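In what follows, a structure is listed as structure tokens, so that the remarks can point back to it.
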Amino acid sequence: MTTEPFRRGDVVWHPAPFKSGTSERPYLVLSDDDHPYHGTEYAVVALTRQSHPRSIALDAASWAVGDPGGESYVSPWYIFTIKHADITRPKGGLRDSVVTEICEAVARQLGAA
């Protein structure tokens, strides 16, 4: 795995914390280098293939880098912190405008907007 820090907007694979076995899921990195432990851990939201109320759809145009492999969704209420050392591989990255939309949705979930 890379030793370089991931950036806001990167999508990475990480073990899924609430699934048994060796399941992984993609996560979108929301934190940037202002995060106190940037490069060691990241604030993220989960991506899924299932649409839920208030989820944000990601299509091919949402991605700046990488292959989404089909439509996926961001769950802005599924906020999590992951460790750099546990990231198994990068998946790609989303466009800045999409990341901004997702961050605003996360803020609304927290009552900050």
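Number of residues in the stretch 81-92 that are in contact (Cβ under 8 Å) with a residue 60 or more places away in the chain and either more than 11 Å from residue 29 (Cβ to Cβ) or loosely packed, with under 14 Cβ neighbours inside 10 Å (or both): the value is 5. The residue of the stretch 7-50 that is surrounded by the most Cβ atoms within 10 Å (Cβ to Cβ), among those that are within 18 Å of residue 97 (Cα to Cα) and β-branched (Val, Ile, Thr), is 29. Among residues of the stretch 49-74 that are under 11 Å from residue 95 (Cβ atoms), those with a beta-carbon under 6 Å from a residue that is of a type in the set (Lys, Arg) and surrounded by 15 or more Cβ atoms within 10 Å (Cβ to Cβ) at least six positions away or on a different chain give the pairs 64/95. Taking residues in the stretch 93-113 that are free of Cβ contacts under 8 Å to residues at least 60 places away in the same chain, and partners anywhere that are of a type in the set (A, V, I, L, M) and part of a helix (DSSP H, G or I), the pairs with Cβ atoms closer than 7 Å and at least 6 places apart or on different chains are 113/107. A residue that is more than 19 Å from residue 4 (Cα to Cα) and part of a loop (DSSP other than H, G, I, E, B) can be found somewhere in the stretch 74-95. Across the stretch 40-54, the qualifying residues are those that are among the small types (Gly, Ala, Ser) and modelled with pLDDT under 95, and the one among them that is nearest to residue 10 (Cα to Cα) is 46. Of the residues making up the stretch 56-65, just one is in contact with a helix residue (DSSP H, G or I) (Cβ under 9 Å, 6 or more places away or on another chain), outside any strand (DSSP E or B) and either surrounded by 15 or more Cβ atoms within 10 Å (Cβ to Cβ) or among the acidic types (Asp, Glu) (or both), namely 62. How many residues are among the charged types (D, E, K, R) and either modelled with pLDDT under 90 or in contact with a Lys or Arg (Cβ under 7 Å, 6 or more places away or on another chain) (or both) when one looks only at the stretch 55-113? Here the count works out to 2.
Given the structure, is residue 68 in contact with a Leu (Cβ under 8 Å, 6 or more places away or on another chain), outside any strand (DSSP E or B) and farther than 19 Å from residue 110 by Cβ?
Details: in contact with a Leu (Cβ under 8 Å, 6 or more places away or on another chain): yes; outside any strand (DSSP E or B): yes; farther than 19 Å from residue 110 by Cβ: yes.
For residue 68, the condition - in contact with a Leu (Cβ under 8 Å, 6 or more places away or on another chain), outside any strand (DSSP E or B) and farther than 19 Å from residue 110 by Cβ - is met.
The values are calculated or read from the model by the stated rules, or taken from the named source; none is laboratory data. Quantities reported herein were computed from a predicted structural model and do not represent experimental measurements. Virtual Cβ from ideal backbone geometry, glycine too; neighbours counted across all protein chains shown.
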